[in-house]
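*Asks:* Would you mind keeping the following structure in view while I ask a few things?
The values are calculated or read from the model by the stated rules, or taken from the named source; none is laboratory data. Please read these numbers as outputs of a predicted model, since none were measured by experiment. We place every Cβ from the backbone using ideal geometry, glycine too, and count neighbours over all the protein chains shown.
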Amino acid sequence: MRSWLRIGITGLGVLSLLSTFFLPARSSAQAADAHRVMILWLQPLDGAGDRFGRDVANALRDVLRLFPAHEPIDEREIRDAARQYDLDHRRLGCVQGQQLATRLDVSMLFCGEYRENEDQTFTTIGVMFAAPGGTRLDIEDATWGRRDARPAAEHFSEQLSDFTEQQNRANYCGVYYDAKDWSGAEENCRIALELDPSNTTVRYVYSHVKQEQGQYDEAYALLLAVIEQDRLHEDALLSAGYLAATEMQDKEAARRHYEAYLELNPGNAQVRMNVAYELLQAGDAEGAMLLTEEGLVIEPDNVDLLEMYGSFATIAARDAMEALGPNQPMSMEAGGFFTKAADAYRKAYEIKGAEMESGHLRNLVATLYQLEQLDEAVEISEQVLETHGDEGQFWSLYADILNKLGRVDDALAALESLVALDPNYQNARARQGSWLIQAGREDEALPYLQQAVEAGEQSADQVANIIFATGYQKGVAPGQQAIEAGTSPLEHWDFAIKLFGMAKTFDGQLSEQRSGQVDFWYGYSLYQKSVVLEEPQTLQTAELTKPLFEQVKEILAQEKVAGYAAAAGLAGNLAEVRDATERFIEIQEALIERGRRR
């Protein structure tokens, strides 16, 4: 039984991995072989002073020098290494510290941050001990007094000590099991589980210790706990089935365990499908898809298999896209999954037609949309709407496809049909307004966006941000580029002013921060336009631009504008524009006075 389940290899191998850098304490004679620890200053947040972070690092260095298994490296060594990469060792955070640690002979890194509170205490945040590229110990945030650097360091070292004990006990659980020292294995497995109840590997080995001691009820209970924690634990399912059938004399339980095991080792298409679903539940959509694909080799026209395969492939594609991060182009991997999903759904649709479940029909159209096979997506959408026209999701997706094709008016009409069907459908009006803005039809967009706010689809802040983003991207950004290129930026500033003015129609409903943002850039754009217009510096241009500069002055003098600028790191820019505006007003006044004397 023991060799069949490979307990010694499996248990010890995994447990050793769990303790890769937290090894048993060494004697003083072995101190030279101790694990080197790079201790960084805790980094201050929100303008806090750096003294506390420095003091904690120094105190922890002193404390860890008493640990025979850990050797804190000298701060000068960190400083010299950082200088090689033009870094200040006093400003190293966890990310840069990890990168630097990989270049040094370091087993462990200590890092984190802290914030100074109003009562002059400090709250440590995100403090951790981490092995470069490996295990890490996260320490719970805590608050300390100004003179508590030493207690904080001692607390952190205690956490490290406890975690080291946990890892060592888990390791010895496997070591004593392999040595067939059941008493030593029981003690270490039990303590390891007390320290870390979530460790399924230790619990599994502990169950076999109990079997070797003839304590079958306890062994079976431990296996059930393992299965509860990890329903895909093949060895636990086999062991539980064996115990239930032999020692527990419980045939039904034995069948349940073996059936569960067979689901992980399928011998026919149906069992394979069950396993595929379990893999999906475990987060492995691609694995579920591949298992279903094997089932389709056996039954290529099985509609249930085709629909399930399409679903799994769609989820795998979405997972692949999410792995790339937001706003990234579709990868070849994701595209391949979507293509397989579309092929499966097409075949299922050919067989079932309108009888296909709504969710699968939607996935078919959505997959074609993702693949930008838009003409086919429109064709199938229109077929689906003939039989499912009372389902808003199909009108919504149809509108998205039409908009992507550039058929904005048709897309708007599709959303009108959607709203007629469901007046409260999420974001219908907001999408209409957003599409019109994207199409350069800003004046038509505003009523839809106002309706979106009135209907509660979006907050005024969210709608204003849609307008603001367009004004910045298509107005401010190209306006600044035109200035740098020496070309006329006037049309860009006019566009920005127009869009920001639209955003300001929501002024009474906006948050202080959003309103300050809109006014800051509105004033800035008006300033830049005025600078262009005043350039001839004639009486006429002075009379034209003096009121504009005065308007800029009034807008930029608002507290909410200053608040936004400070939060966005633009306080210096605001001060410069304010000063320049004052000078331009004086220039225009002088030009007007001189021009009128002539």
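*Asks:* Can you pull out the residues in region 528-548 that are in contact with a Ser or Thr (Cβ under 6 Å, 6 or more places away or on another chain) and under 22 Å from residue 468 (Cα atoms)?
*Replies:* 530, 548
*Asks:* Could I ask something else about it? Can you find a residue that is among the hydroxyl-bearing types (Ser, Thr, Tyr) and in the same structural domain as residue 131 (by TED's automatic domain parsing) anywhere in region 147-159?
*Replies:* Looking for residues that are among the hydroxyl-bearing types (Ser, Thr, Tyr) and in the same structural domain as residue 131 (by TED's automatic domain parsing), one finds at least one in region 147-159, hence yes.
*Asks:* Take region 337-358 and flag every residue that is in a helix (DSSP H, G or I), in contact (Cβ under 8 Å) with a residue 12 or more places away in the chain and surrounded by fewer than 22 Cβ atoms within 10 Å (Cβ to Cβ). Outline the logic, then answer.
*Replies:* Let us first name the residues in region 337-358 that are in a helix (DSSP H, G or I), namely 337-355, 358.
With the extra rule that they be in contact (Cβ under 8 Å) with a residue 12 or more places away in the chain, the set shrinks to 337-342, 344-349, 351-352, 354, 358.
Across region 337-358, the qualifying residues are 339, 340, 346, 347, 351, 352, 354, 358.
*Asks:* If we scan region 304-324, do we find a residue that is over 33 Å from the mean Cα position of the chain (by Cα), surrounded by 20 or more Cβ atoms within 10 Å (Cβ to Cβ) and aliphatic (A, V, I, L, M)?
*Replies:* Checked against the condition, which is being over 33 Å from the mean Cα position of the chain (by Cα), surrounded by 20 or more Cβ atoms within 10 Å (Cβ to Cβ) and aliphatic (A, V, I, L, M), region 304-324 yields no hits at all.
*Asks:* If you scan region 470-489, which residues turn out to be surrounded by 14 or more Cβ atoms within 10 Å (Cβ to Cβ) and among the aliphatic types (A, V, I, L, M)?
*Replies:* 476, 482, 483, listed by residue number.
*Asks:* Any residue at all in region 11-26 that's at pLDDT below 85, among the charged types (D, E, K, R), closer than 30 Å to residue 242 by Cα and part of a loop (DSSP other than H, G, I, E, B)?
*Replies:* no
Residues are listed down the side, and each one gets a yes or a no for (1) acidic (Asp, Glu); (2) over 21 Å from residue 411 (Cβ atoms):
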{"residue": "445", "(1), (2)": "no, no"}
{"residue": "450", "(1), (2)": "no, no"}
{"residue": "456", "(1), (2)": "no, yes"}
{"residue": "461", "(1), (2)": "yes, yes"}
{"residue": "471", "(1), (2)": "no, yes"}
{"residue": "489", "(1), (2)": "no, yes"}
{"residue": "500", "(1), (2)": "no, yes"}
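*Asks:* Where the second residue is part of a loop (DSSP other than H, G, I, E, B) and surrounded by 22 or more Cβ atoms within 10 Å (Cβ to Cβ) and the first is of a type in the set (A, V, I, L, M) and lies in region 54-67, which pairs have Cβ atoms under 6 Å and are six or more apart or on separate chains?
*Replies:* Within 6 Å, the pairs are 56/42; 57/41.
*Asks:* Tally time: how many residues in region 510-520 are part of a helix (DSSP H, G or I) and surrounded by fewer than 24 Cβ atoms within 10 Å (Cβ to Cβ)? Break it down stepwise before answering.
*Replies:* Narrowing region 510-520 to residues part of a helix (DSSP H, G or I): 512-520.
Subsequent filtering for residues that are surrounded by fewer than 24 Cβ atoms within 10 Å (Cβ to Cβ) retains 512-514, 516, 519.
Qualifying residue count, region 510-520: 5.
*Asks:* Collect the residues in region 126-147 that are farther than 22 Å from residue 72 by Cβ and in a strand (DSSP E or B), keeping them in residue-number order.
*Replies:* 143
*Asks:* Would you point out the residue of region 29-66, among those that are in a loop (DSSP other than H, G, I, E, B) and in contact with a helix residue (DSSP H, G or I) (Cβ under 7 Å, 6 or more places away or on another chain), that is modelled with the lowest pLDDT?
*Replies:* Top of the filtered list is 50.
*Asks:* Okay, moving on. Determine whether residue 150 is surrounded by 14 or more Cβ atoms within 10 Å (Cβ to Cβ), in contact with a Lys or Arg (Cβ under 8 Å, 6 or more places away or on another chain) and in a helix (DSSP H, G or I).
*Replies:* no
*Asks:* If we only count helices (runs of 4 or more DSSP H) wholly inside region 199-279, which ones have 3 or more residues that are buried (at least 16 other Cβ atoms within 10 Å of the Cβ), modelled with pLDDT of 90 or more and under 39 Å from the mean Cα position of the chain (by Cα)?
*Replies:* Correct list: 200-212, 216-229.
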